[in-house]
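Student: Attaching a single structure in structure tokens format; questions to follow.
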């Protein structure tokens, strides 16, 4: 916790960039890995160095990264997310089973988010895989990447292809569906990742909550326009936090606009660990963040109060995922008391 605030990291990944997980040694795969390396290196600082080689060359078999996350930051809980990009990767660039393995190793701290693709697996195949991920792996959410490449893509409002997956999620008791939006990877076309196709799903499935990642960059305004009209759309903020350390002023303007148009109860903190493993820097930066007075006076953006920080840091995610924060805090306090009682030095 940070100063008594519950910290839920909504986005961590176990990537698998190993050659054994590559279907073909193509320029697209090289471009994907190059994009990740460039992104991580470009937003790395001396205090927050990137780690683009994480889970490459066999590191996928290690679970120590999560130890680092919880032992070296105020993070209380996290969600590990599948990346079901299956066109160039055998099991996806962040495979479901690898994510579930990590969640199983930290059952009180990490929730598992599954992922499928109706083009690569077929609608029925994707539905069967959703069943497996919930019933065998314990998935609490699903994450969709609707563009495998510039050739293979689909829309979130496709009634024949995707609506059956929303219905299957509801049948399985999963009511939180997430989408990668903006941020084209490999040879994807950025226009295929716009947020305009979220309007009908939000209207047709009012009992589902849809989490849109990355604020839909570069289609920020239209993403906000869609989200502001639908109370069951939330914004998940990985990469905003990473970019904030490099470009604080532009990111303050983005945050102010999000708070003004969408509201603080629909923004979720995420770090993109383990690409940037030292996430305490993000937590400290947001904890210390203040909205500049000129942005408040000139644009009507709200001050970033402690209440807002608590919502973004963890209370919003807890509401969506059904986490009892008070019970979590009580358990954490009891565990700390027991550890202190058993430590002669700590008891002094």
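Student: For the range 261-275, indicate whether the set of residues that are part of a loop (DSSP other than H, G, I, E, B) and more than 21 Å from residue 215 (Cβ to Cβ) is non-empty.
Tutor: Yes, the range 261-275 contains at least one residue that is part of a loop (DSSP other than H, G, I, E, B) and more than 21 Å from residue 215 (Cβ to Cβ).
Student: Being buried (at least 24 other Cβ atoms within 10 Å of the Cβ) and out of contact with any strand residue (DSSP E or B) (no Cβ under 9 Å at 6 or more places or on another chain) is the filter here, so list the residues in the range 242-274 that pass it.
Tutor: 242
Student: Considering only residues of the range 67-89 that are touching a strand residue (DSSP E or B) at 6+ places or on another chain (Cβ under 7 Å) and at pLDDT below 95, which is nearest to residue 325 (Cα to Cα)?
Tutor: 69
Student: If you check every pair at least six apart or on different chains, which have Cβ atoms under 9 Å apart with a residue in the range 313-331 that is modelled with pLDDT under 95 first and a residue that is part of a helix (DSSP H, G or I) second?
Tutor: Partner pairs satisfying both residue conditions: 328/318.
Student: Answer with yes or no whether residue 116 is touching a strand residue (DSSP E or B) at 6+ places or on another chain (Cβ under 8 Å), within 21 Å of residue 205 (Cβ to Cβ) and surrounded by 22 or more Cβ atoms within 10 Å (Cβ to Cβ).
Tutor: yes
Student: Taking the condition of being crowded, with 23+ Cβ neighbours inside 10 Å, in a helix (DSSP H, G or I) and out of contact with any helix residue (DSSP H, G or I) (no Cβ under 8 Å at 6 or more places or on another chain), how many residues in the range 73-102 meet it?
Tutor: 1
Each row is one residue, and each column tells you yes or no for (1) in a loop (DSSP other than H, G, I, E, B); (2) crowded, with 17+ Cβ neighbours inside 10 Å; (3) over 18 Å from the mean Cα position of the chain (by Cα).
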residue: 120; (1), (2), (3): no, no, yes
residue: 128; (1), (2), (3): no, no, yes
residue: 132; (1), (2), (3): no, no, yes
residue: 138; (1), (2), (3): yes, no, no
residue: 142; (1), (2), (3): no, yes, no
residue: 160; (1), (2), (3): yes, no, yes
residue: 165; (1), (2), (3): no, yes, yes
residue: 177; (1), (2), (3): no, yes, no
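Student: For residues in the range 195-206 being out of contact with any helix residue (DSSP H, G or I) (no Cβ under 7 Å at 6 or more places or on another chain) and farther than 18 Å from residue 174 by Cα, which is surrounded by the most Cβ atoms within 10 Å (Cβ to Cβ)?
Tutor: Per the stated criteria, the residue is 197.
The values are calculated or read from the model by the stated rules, or taken from the named source; none is laboratory data. These figures come from a predicted structure and were not determined experimentally. Cβ sites come from the backbone with ideal geometry, for glycine too, and all protein chains shown count toward neighbours.
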